[in-house]
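Here the structure is laid out as structure tokens; the discussion comes afterwards.
The values are calculated or read from the model by the stated rules, or taken from the named source; none is laboratory data. This structure is a prediction, so every number in the text was calculated from the model and none was measured. Quick reminder, even Gly has a Cβ in these numbers, built from the backbone with ideal geometry, and neighbours come from all protein chains shown.
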Amino acid sequence: MLTKRLYRARPPITLHTSGTIDPGSYIPLQDIPYNASSSLFDDFTLVHNILNDYIHQTGFFFPWHRLFVWHFEQTLIHQCHYTGSAPYWNWTLDSDDLGHSYLLTNSDPNIGFGNFGDEAHQQEVIDGALANFSLSYPYPHLLRREYFPYPWKNLTPPWFTDPTLKVKDVISIDGISETINGFRGDFREFQTHFERMQGPHMGVHLALGGDIGGFCIWGKPFCDSLSYGNPGTSPSEPLFWLHHGFIDKIWHDWQNMRAENKFAFGGGSKREIAPEVWPKYPIGAPPDLTPDFPLPSVGFLPSGLTVKDVLDTTNDILCYTYE
């Protein structure tokens, strides 16, 4: 007799639930060596950075990151003895004052993500469980974080047109609810709206600065061209996984809002961010993607999977849902 596997339910991370995690019950991914110069945690950053131009501003954005978060969750379970599931951070609940979110003001040395970084030490996080958190990419350094309530203030057109826009203006409960309820059957417009340069995805990355913002210190190796807002190395910040967990939930909720959304998909395969062509191809230029296209893979990532394989989170590959 065949029985269907129980879905793994992914919970929100909150003040009331984060304290239920026993840090002594699992092995930190940072403690598992992957090669002589980095950890397995670091290698997720490396993979993301290698594929950066394929997985942002293309139709692969949502499905690839869904697989990426799922693989991170599976790695925690199978290699770190983690018994939970990948939580998400519902930042809409903190949108009025993101800088004072519980996640960003918790100094608990066992489970706290710590505060924003120390200005005297290049914004390095010095408290909480992530104090002195060592990272390998794009150069060896400690975890950095810096709050920018106006994340686009110093960025330039044509990608960024409103320097006065606040992060709270793009991550509000009402705004995300409208996104989930809108774009009936139109995946292209749904992604274009969500992944726009001054949208929710980019807004949280840039507002938290440091590693998740892709900010790099001038003069460091590999940093002269990666000094501001490069998303490639953003998984170095553990909050990346909570942020993208919620992004996946938003897509999941949109997919399940209407039948015509469920398997809707589209977008181009070629990232085009040159000023003269980007407005025409905000989610990728031709060749256009279909659900049968293989997802980009490198290193330890699962290979041979297509977009179609990750469109339904409750299938026999992914097997999860959301609380």
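Considering each residue of the range 97-118 in turn, at least one proves to be assigned to a loop (DSSP other than H, G, I, E, B), touching a helix residue (DSSP H, G or I) at 6+ places or on another chain (Cβ under 6 Å), modelled with pLDDT of 95 or more and not aromatic (Phe, Trp, Tyr).
Number of residues in the range 154-195 that are surrounded by 14 or more Cβ atoms within 10 Å (Cβ to Cβ) and at pLDDT below 95: the value is 4.
Against the list (1) under 30 Å from Pro12 (Cβ atoms); (2) surrounded by fewer than 19 Cβ atoms within 10 Å (Cβ to Cβ), the condition Gly214 fails is (2). Does the range 239-258 contain any residue that is out of contact with any Leu (no Cβ under 8 Å at 6 or more places or on another chain), outside any helix (DSSP H, G or I) and at pLDDT below 95? The answer is no, given that none of the residues of the range 239-258 is out of contact with any Leu (no Cβ under 8 Å at 6 or more places or on another chain), outside any helix (DSSP H, G or I) and at pLDDT below 95. Inside the range 74-91, residues that are buried (at least 19 other Cβ atoms within 10 Å of the Cβ) and out of contact with any strand residue (DSSP E or B) (no Cβ under 8 Å at 6 or more places or on another chain) make up a count of 3. Could we say that Phe187 is in contact with an Asp or Glu (Cβ under 8 Å, 6 or more places away or on another chain), over 24 Å from Pro235 (Cβ atoms) and aromatic (Phe, Trp, Tyr) here? No, not satisfied.
Only helices (runs of 4 or more DSSP H) whose full extent lies in the range 7-87 are considered here, and the ones with at least 2 residues that are at pLDDT 90 or above and either of a type in the set (A, V, I, L, M, F, W, C) or in contact with a Ser or Thr (Cβ under 6 Å, 6 or more places away or on another chain) (or both) are 40-50, 61-80. For the range 262-296, taking the residues that are part of a helix (DSSP H, G or I) and touching a residue at least 24 places away in the same chain (Cβ under 8 Å), the one that is surrounded by the fewest Cβ atoms within 10 Å (Cβ to Cβ) is identified as Pro279.
Residue pairs whose Cβ atoms lie under 7 Å apart, sitting 6 or more positions apart in sequence or on different chains, and linking a residue in the range 82-101 that is in contact (Cβ under 8 Å) with a residue 60 or more places away in the chain to a partner that is among the polar types (S, T, N, Q) and in a loop (DSSP other than H, G, I, E, B), are Thr92/Ser172; Ser95/Ser172.
Here's the yes/no breakdown for (1) closer than 17 Å to Phe190 by Cβ; (2) β-branched (Val, Ile, Thr):
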position	(1), (2)
Ile247	yes, yes
Pro275	no, no
Pro282	yes, no
Val298	no, yes
Asp316	no, no
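Among the residues of the range 78-96, those that are closer than 20 Å to Phe68 by Cβ and touching a helix residue (DSSP H, G or I) at 6+ places or on another chain (Cβ under 9 Å) comprise Gln79, Cys80, Tyr82, Gly84, Ser85, Ala86, Pro87, Tyr88, Trp89, Asn90, Trp91. For the range 95-104, the set of residues classified as surrounded by 17 or more Cβ atoms within 10 Å (Cβ to Cβ) and touching a Lys or Arg at 6+ places or on another chain (Cβ under 9 Å) consists of Ser95, Leu98, Leu104, listed by residue number. Yes or no: the range 132-152 includes at least one residue that is buried (at least 17 other Cβ atoms within 10 Å of the Cβ), within 30 Å of Trp254 (Cβ to Cβ) and touching a Pro at 6+ places or on another chain (Cβ under 8 Å). Yes, the range 132-152 has at least one match.
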